Each structure stands twice: as C-alpha cells, then as structure tokens.
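K.L.:
Could you have a look at this structure, given as structure tokens, before my questions?
The values are calculated or read from the model by the stated rules, or taken from the named source; none is laboratory data. Here the structure is a predicted model, which means the values were calculated and not measured. Cβ atoms come from the backbone with ideal geometry, glycine included; neighbour counts cover every protein chain shown. Ligands, DNA and RNA are stripped out before the accessible areas are found, and what is left, the full protein with its side chains, is counted by its heavy atoms. Shrake-Rupley method; radii C 1.70, N 1.55, O 1.52, S 1.80 Å.
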Amino acid sequence: MAEHEADVAVVGAGFAGLTAARELERRGHSVVVIEARDRVGGRVLNEDIGDGNVLEVGGQWVGPGQDRLYALAREMGVETYPTHAKGENLIEFRGEVKRYTGTIPRISAAVLADVAQAQRKLDRLARKVDLEAPWRTPDAERLDSQTFWSWMRRNVYTAGGRMLIELGIEGVWAAEPKDLSLLHVAFYVASAGKYDLLLDTEGGAQQERFVGGSQLVAIRAAEKLGDRVVLGAPVRRIVHSGETVSVIADGVTAWAKRVIVAIPPPLAGRIAYDPPLPGHRDQLTQRMPQGSVIKCMAIYDEPFWRKDGLAGIATSDVGPAKVIFDNSPPDGSPGVLLGFLEGRRAREYTRVSQQERREAVVGTFARLFGPRAADPERYIDKSWAEEEWTRGCYGCYLPTGGWTAYGDALKAPIGRIHWAGTETASVWMGYIDGAIRSGERAAAEVAAAL
Ligand SMILES: Cc1cc2nc3c(=O)[nH]c(=O)nc-3n(C[C@H](O)[C@H](O)[C@H](O)COP(=O)(O)OP(=O)(O)OC[C@H]3O[C@@H](n4cnc5c(N)ncnc54)[C@H](O)[C@@H]3O)c2cc1C
C-alpha cells in the first residue's frame, strides 16, 4: 500500500482536478492527485489513428468566451486551429436532403422565424438567471417546475421549429427536452452567455480544435505535477472525522488537511464517506444524471465532401446520427466525419454491437454525403455511459425541481471536503473551460481555509 501525505489531496485528474492541484502548488501548498484511470484527462481523450494523427473521442472544441481553456492551452504550448466549416451545410428533413448556410437550416421562412423567436425568448430567460445561485433567480420555482418539453409546446409553434430546437437541445445536453428543467436550460445558456454560443461552430463553442488533440493540454498540465499525480487508483472511501482527511484508494492512501473531490456528482455519491455526508448533499448526487452520448467517427482517405462544396456539417431528423461535423485533422488528411448519437439514440445504440452502430452511423453519412461515405477505411466510437469512471456525458444535468431543492449543495464544502468539476462551474458549466474554472474556485476556497 503506497502512502502519501500532502496539504491537499485531489480526487480525479480531469481538467478540474489538475487545475486545482496546479493552482494550489502555485500558492505554495503540497498536493497529491489520485486518479482512478491509468491516464489523465477524464472526459477528454485522444485516440491515436496513426501517421502522427489523433482523434478526440471525448471533449475537443474550444470557442469564444472560454478564456480559461485558451489560457491553459497557451501556457502548455498547445495551438488551436479552426474547425472546418467552409462550404454549405446539409439538412435531412422529411426524407429530403437540402443544402443551407448559417447555423439554422432554412426549412422555410416560417420555421426560421419560429426558431429565431424561441431563441430570443430563451436568451431573455437566461438573462434573469442568478449564475452563482440559480435557485435565487426570480421566478425560480416556476421555471424549475417545468421541463423544457413543456416550454417548447407553448413557445415553439411549427413542427420544423420544434425539430430544430430539439436537435439543438440533444446536441448540447445529450439529453432530451423532457429530461431537462427549464431553469437548468436557462442557467446553462446564461453560463455560456447566449444560446447561439452553445450551438455555433464559427463564433461559438465548436469554433476551434487543438493541434495534437485536446488531451495534450491535460497531459502537459499533469507533466508539470510529475509524481504528485497517482494513476490507476480509484478512491473508494474518505474518512474526514479528525484534523486529517484520509483518502483511501485501491493500493494507495493519502493523508491531507483538505480534499477536493473533482469528479462528476453521481460518481462522488458512490464514494463511501466516514462519517456519512448529510442527506441533503447525498440527495443532490441522486438527482444529477449524466447525459447519454456515443461519439462516432468514420475515417476516409480524404474529405471528399469538401470538393462538392460541403462543409461536412449536417443535421438529420431521422439520424440516428443527427448532428454531424467534419472532424479531419488540421491538414485535412485523412478525411473524418463525426456523428453524435445522443439521448435516446445513445441509449438504444449502446446496447447493440459496434458493427451495428457502424452500419447505422455510416448509413446516415451515406444518405447525406453520397455513396463514397458508405465505405470508410475505418470507424471508431466511444460510448461514455460504459466508462466506469464517467458513466455518461457530456455532463450532468438537473431535471425538474433539482436546482431549487438541492442547488445549494452543489459546491458548498462539507467540513474538510471541497467540490470541483465542470458540474460545479457557474461559467461554461459542462465544458472543459468550466472544469478549469471550477478547479480554480476550489483551490482558492481551500487556500483560504488552510
Ligand atoms: C463525447 C464528449 C464530447 C464533449 N465535447 C466537448 C467539447 O467539445 N468542448 C468542451 O469544452 N467540453 C466537451 N465535453 C465535456 C468536457 O469533456 C467535460 O466538461 C470536462 O472534460 C470535464 O472535466 P472534469 O475535470 O470536470 O471531469 P472529468 O473529465 O470527468 O474528470 C474526472 C476524473 O476523475 C476520475 N475519477 C472518477 N471517479 C474517481 C474515483 N472514485 N477515484 C479517483 N478518480 C476518479 C475520472 O477518471 C476522471 O479522470 C465533451 C465530453 C464528451 C464525453
């Protein structure tokens, strides 16, 4: 049994945990980071596809307003490049494939106007949200008592408009309108700034990618911490009754003055605490499910769709891949189409073989981009619900009643235990940038307490 002693123990070496540890070290405190997996980066993961290229099977994009991620990448010497978005986009709607430009497909003038008015209403709702304490938002009870689906029924008037808004919701939350509290949607939009910022490629959260893959940023941040990061050690138990906290992992025990738990709330709820945590905190962790997503990529010898004037960005009302991007490396070789299976389709396709997923996803690509798309050189995918140390993605959401009943338990420390992770971020919750901000906030909290 390896033993470590430090001022602060950090559970989880995702962007939140790594940031908290580095920030505490910068302030002169000793740290140890204990990570369940045999790698760092958490929900951010590169897959090597040969010839010096990587593809990201987890979080990958960065965009305007995500200043903390840009700053960290700069510090780690990782450059960004624009997501390929030149050319026309495609939409498959009611059996027809059409080209369009801009974020919102032009199904018809009425649908376009409908989506625009719904987005304006959402942005207006978001402007009212109290980012630090969403449960104190004016009218919080009313907003938190309805699902986004109920709101959509009253505020989106056309079938095409509802389809597009639903696609947007699934794309951002990997959950369906019926899953989400309206207050949570409004909070999340506020936390990013505007609804458009969540959806857009150019000018939005999908604007840029990282040369060498997003995980490189985490790998380099972990290198700075060296042997203070302990891998392959799932934390099972935290004893916090005395002056010292004991963090007990498989094969490793760490003693510290404080602990920062930087993992998604449902997983934090699976650690045993001694003494047990207050019921209010535990019940929060029972009410923050992870979304469901499978990230799927087909690899071709070249991005042939670009020659047809297509950006590689597409949406489909049948899918099962409903949101599609060109995910080729910076020099466009090989060509890569990326499709997401989200919400109910992720639940459905996580229970079939990868071969069946491949057929379904490549089938969507072929309907949109033509017969060449039917025959990729290679196909890869990752179902995040299957990952023992994540259990879903992109992040956790709050269903109705969650924020107003339990929101105050999300980041409130309990004695010597502090909470980080993108789910605790007020700005860019759910994103890598939010994870970094949460690590900074938790480190400041602990530094003040030490
Ligand atoms: C498919 C996909 C696409 C995404 N796309 C984007 C995107 O384009 N842009 C973006 O900004 N964000 C994206 N995200 C979200 C983004 O990846 C996350 O918000 C962010 O990485 C979360 O970081 P974190 O440090 O809060 O949590 P995590 O990355 O989940 O880190 C938690 C760490 O704790 C470890 N852990 C868990 N339990 C234990 C335990 N008991 N003991 C020890 N260690 C434990 C885990 O192994 C993990 O390493 C995406 C996510 C996915 C999965």
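K.L.:
Within the bounds of the stretch 1-10, is there any residue that is within 14 Å of the ligand (Cβ to nearest atom), open to solvent by 10 Å² or more (accessible area, probe 1.4 Å) and within 22 Å of the chain's Cα centre (by Cα)?
P.N.:
Taking the stretch 1-10 and keeping what is within 14 Å of the ligand (Cβ to nearest atom), we get 4, 9-10.
Retained after the next criterion (residues that are open to solvent by 10 Å² or more (accessible area, probe 1.4 Å)): 4.
Next, from what is left, pick out any that are within 22 Å of the chain's Cα centre (by Cα): none.
No, the stretch 1-10 contains no residue that is within 14 Å of the ligand (Cβ to nearest atom), open to solvent by 10 Å² or more (accessible area, probe 1.4 Å) and within 22 Å of the chain's Cα centre (by Cα).
K.L.:
With at pLDDT 95 or above and open to solvent by 10 Å² or more (accessible area, probe 1.4 Å) as the only criterion, which of Ala109, Ala71 stands out?
P.N.:
Ala71
K.L.:
Here's something else I'd like to know. Any chance the stretch 265-276 includes a residue that's touching a residue at least 60 places away in the same chain (Cβ under 8 Å), within 22 Å of Ala36 (Cα to Cα) and over 20 Å from the mean Cα position of the chain (by Cα)?
P.N.:
Filtering the stretch 265-276 for residues touching a residue at least 60 places away in the same chain (Cβ under 8 Å) gives 265-268, 271, 273.
So of that shortlist, the ones also within 22 Å of Ala36 (Cα to Cα) come out as 265-268, 271, 273.
Filter once more, so that each one left must be over 20 Å from the mean Cα position of the chain (by Cα): 271, 273.
Yes, because at least one residue in the stretch 265-276 is touching a residue at least 60 places away in the same chain (Cβ under 8 Å), within 22 Å of Ala36 (Cα to Cα) and over 20 Å from the mean Cα position of the chain (by Cα).
K.L.:
Out of the stretch 388-413, which residues are of a type in the set (A, V, I, L, M, F, W, C), over 19 Å from the mean Cα position of the chain (by Cα) and open to solvent by 30 Å² or more (accessible area, probe 1.4 Å)?
P.N.:
Result: Ala405, Ala412.
K.L.:
Of the residues Phe340, Phe325, which is within 30 Å of Gly407 (Cα to Cα) and crowded, with 22+ Cβ neighbours inside 10 Å?
P.N.:
Working: Phe325 fails: within 30 Å of Gly407 (Cα to Cα).
Going through Phe340, Phe325 in turn, just one is within 30 Å of Gly407 (Cα to Cα) and crowded, with 22+ Cβ neighbours inside 10 Å: Phe340.
K.L.:
What are the pairs with Cβ atoms under 6 angstrom where one residue, in the stretch 242-254, is under 13 Å from Arg416 (Cβ atoms) and the other, located anywhere, is open to solvent by 10 Å² or more (accessible area, probe 1.4 Å) and within 12 Å of the ligand (Cβ to nearest atom)? Sequence gap at least six, or different chains.
P.N.:
As it stands, the answer is Val247/Val235, since those pairs meet every condition given.
K.L.:
On to the next question. Among the residues of the stretch 183-229, write down those that are among the aliphatic types (A, V, I, L, M), in contact with a Gly (Cβ under 6 Å, 6 or more places away or on another chain) and assigned to a loop (DSSP other than H, G, I, E, B). Outline the logic, then answer.
P.N.:
Residues of the stretch 183-229 among the aliphatic types (A, V, I, L, M): 183, 185-186, 189-190, 192, 197-199, 205, 211, 216-219, 221-222, 225, 229.
Filter once more, so that each one left must be in contact with a Gly (Cβ under 6 Å, 6 or more places away or on another chain): 197, 199, 205, 218.
Correct list: Ala205 only.
K.L.:
Within the stretch 173-188, count every residue that is more than 19 Å from Arg124 (Cα to Cα) and either open to solvent by 30 Å² or more (accessible area, probe 1.4 Å) or out of contact with any strand residue (DSSP E or B) (no Cβ under 6 Å at 6 or more places or on another chain) (or both). If you could, list the steps in order and put the result at the bottom.
P.N.:
Filtering the stretch 173-188 down to residues more than 19 Å from Arg124 (Cα to Cα) leaves 173-176, 178-179.
So of that shortlist, the ones also either open to solvent by 30 Å² or more (accessible area, probe 1.4 Å) or out of contact with any strand residue (DSSP E or B) (no Cβ under 6 Å at 6 or more places or on another chain) (or both) come out as 173, 175-176, 178-179.
Residues in the stretch 173-188 being more than 19 Å from Arg124 (Cα to Cα) and either open to solvent by 30 Å² or more (accessible area, probe 1.4 Å) or out of contact with any strand residue (DSSP E or B) (no Cβ under 6 Å at 6 or more places or on another chain) (or both): 5 in total.
K.L.:
Please verify whether the stretch 369-376 includes one or more residues that are in contact with a His (Cβ under 9 Å, 6 or more places away or on another chain), buried (at least 17 other Cβ atoms within 10 Å of the Cβ) and assigned to a helix (DSSP H, G or I). If you could, list the steps in order and put the result at the bottom.
P.N.:
Filtering the stretch 369-376 for residues in contact with a His (Cβ under 9 Å, 6 or more places away or on another chain) gives none.
So far as the stretch 369-376 goes, no, none of its residues is in contact with a His (Cβ under 9 Å, 6 or more places away or on another chain), buried (at least 17 other Cβ atoms within 10 Å of the Cβ) and assigned to a helix (DSSP H, G or I).
K.L.:
Also, I was wondering about something else. Give Leu112, Leu90 a once-over and let me know the one that is free of Cβ contacts under 8 Å to residues at least 12 places away in the same chain, away from the ligand (no atom under 16 Å from the Cβ) and more than 24 Å from Trp389 (Cβ to Cβ). It would help to see each step written out before you state the result.
P.N.:
Numbers: Leu90 fails: free of Cβ contacts under 8 Å to residues at least 12 places away in the same chain.
Answer to the check: Leu112.
K.L.:
Of the residues that make up the stretch 29-44, is at least one within 16 Å of the ligand (Cβ to nearest atom), in a loop (DSSP other than H, G, I, E, B) and over 27 Å from Glu388 (Cα atoms)? Lay out the reasoning, then the answer.
P.N.:
Taking the stretch 29-44 first, the residues within 16 Å of the ligand (Cβ to nearest atom) are 31-44.
Remaining after also requiring in a loop (DSSP other than H, G, I, E, B): 35-44.
In the following step, the residues that additionally are over 27 Å from Glu388 (Cα atoms) were identified as none.
Within the stretch 29-44, not a single residue is within 16 Å of the ligand (Cβ to nearest atom), in a loop (DSSP other than H, G, I, E, B) and over 27 Å from Glu388 (Cα atoms).
K.L.:
List pairs: first residue in the stretch 395-410 and within 20 Å of Ala16 (Cβ to Cβ), second residue surrounded by fewer than 23 Cβ atoms within 10 Å (Cβ to Cβ) and among the acidic types (Asp, Glu) anywhere in the structure, Cβ distance under 9 angstrom, at least six positions apart or on different chains.
P.N.:
Close Cβ pairs satisfying both conditions: Ala409/Asp282.
K.L.:
Going by the structure shown, is Gly77 under 22 Å from Arg437 (Cα atoms), within 16 Å of the ligand (Cβ to nearest atom), part of a loop (DSSP other than H, G, I, E, B) and among the small types (Gly, Ala, Ser)? Even if it seems obvious, please write down each step before you answer.
P.N.:
Working: under 22 Å from Arg437 (Cα atoms): yes; within 16 Å of the ligand (Cβ to nearest atom): no; part of a loop (DSSP other than H, G, I, E, B): yes; among the small types (Gly, Ala, Ser): yes.
Answer is no for this residue.
K.L.:
Let me ask you something else. Here are some conditions: (1) open to solvent by less than 10 Å² (accessible area, probe 1.4 Å); (2) under 16 Å from the mean Cα position of the chain (by Cα). Ser426 meets all but one. Which one does it not meet?
P.N.:
(1)
K.L.:
Give the residues of the stretch 265-281 that are touching a Phe, Trp or Tyr at 6+ places or on another chain (Cβ under 9 Å) and either surrounded by fewer than 21 Cβ atoms within 10 Å (Cβ to Cβ) or not hydrophobic (A, V, I, L, M, F, W, C) (or both), sorted by residue number.
P.N.:
First, the residues of the stretch 265-281 that are touching a Phe, Trp or Tyr at 6+ places or on another chain (Cβ under 9 Å): 265, 267-268, 280-281.
Residues satisfying the conditions are Pro265, His280, Arg281.
K.L.:
Among the numbered conditions (1) open to solvent by less than 10 Å² (accessible area, probe 1.4 Å); (2) of a type outside the set (Lys, Arg); (3) more than 14 Å from Gly430 (Cβ to Cβ); (4) assigned to a loop (DSSP other than H, G, I, E, B), tell me where Pro138 comes up short.
P.N.:
Going through (1) open to solvent by less than 10 Å² (accessible area, probe 1.4 Å); (2) of a type outside the set (Lys, Arg); (3) more than 14 Å from Gly430 (Cβ to Cβ); (4) assigned to a loop (DSSP other than H, G, I, E, B) one by one, Pro138 breaks only (1).
K.L.:
Still on this structure: Only residues that are more than 30 Å from Gln215 (Cβ to Cβ) and either out of contact with any Gly (no Cβ under 9 Å at 6 or more places or on another chain) or crowded, with 19+ Cβ neighbours inside 10 Å (or both): list them for the stretch 79-92, please.
P.N.:
If we filter the stretch 79-92 for residues that are more than 30 Å from Gln215 (Cβ to Cβ), which is where we start, we get 88, 91-92.
The answer is Ile91, Glu92.
K.L.:
Using beta carbons and a limit of 8 Å, which pairs, at least six apart or on different chains, have the first residue in the stretch 418-430 and away from the ligand (no atom under 11 Å from the Cβ) and the second one of a type in the set (Val, Ile, Thr) and open to solvent by less than 10 Å² (accessible area, probe 1.4 Å)?
P.N.:
Note: pairs meeting the criteria are His418/Val259; His418/Ile260; His418/Val261; His418/Val446.
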